[in-house]
Amino acid sequence: MSDKFQNQFRIESARAQWWNYGWNAAYFVTICTAHREHYFGEIISVETGHCPVSKNVMKLSEIGQLAEKFWLSIPEHFPFVKLDVFVVMPNHIHGIIMIDKPNDNRDIDRIGEFLESGRYVETGQCPVFRENIDDSQTGQCPVCTSDNAPSTEPKTPGELRFRNQGKETLSSIVGSFKSVVTKHAHHIHADFEWQERFHDHIVRDTEEYGKIANYIENNVANWQDDKFFDR
């Protein structure tokens, strides 16, 4: 397990609607290509040494190499970001992004206010945690299961986020990455596109971090069982 995490990003009960995505935390991010096209390369099977056992290896295309290059350069443009384990797959990218600002200013009193309410369910599905967890797909309003009509006035960090993504947030980081990859990828393949939104999951604790890191590290080996597998 990476010592970058060191439990310093532990979030006891963060609910996405009561969370500001500019706050310090470790975020598990998944970004897919449009229609899950294999722009980033292919996974091939290679033999390992003299033993007739083969393993999966990700062979990056030119666009895949660009995606890897610009992912690794994120901290150059966002100095408060630390990168952890990541992988470029044929049609998506998984990675852990850690926002670590000197001044966090999170509103602890509001975090977890709806912890037991069950009013919100996520609109996407985390590839690691199959159950209905409480994260929302960034940029997409979660489905409200309450019978009460929602207020038109933004009252939570989540509601404010959907109206104004803001600077130095997870959305601005991922948006900048997607933009620069698109710009350079179009010189190689004019039709290159990303899926409009991306999935994020706030890493709660060391146990979750371990599950997510293990999933990412073994994504290539387990490609045929991956929810994003598409020939």
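Coordinate-derived values only; no laboratory data. Computed from a predicted structure; not experimentally measured. Every residue, glycine among them, receives a Cβ derived from its backbone with ideal geometry; neighbour counts consider all protein chains shown.
Taking 20 Å as the cut-off for C-alpha to C-alpha distance, list the pairs among 69/211; 69/167; 101/178; 69/183 that go past it.
On the way: 69/211 25 Å; 69/167 23 Å; 101/178 22 Å; 69/183 14 Å.
In this structure, 69/211; 69/167; 101/178 exceed 20 Å between Cα atoms.
Which order do 54, 171, 176 fall in if you start with the one that has the fewest other Cβ atoms within 10 Å? Walk me through the numbers on the way to the answer.
Details: 54 11, 171 20, 176 14.
By the 10 Å Cβ count, ascending: 54, 176, 171.
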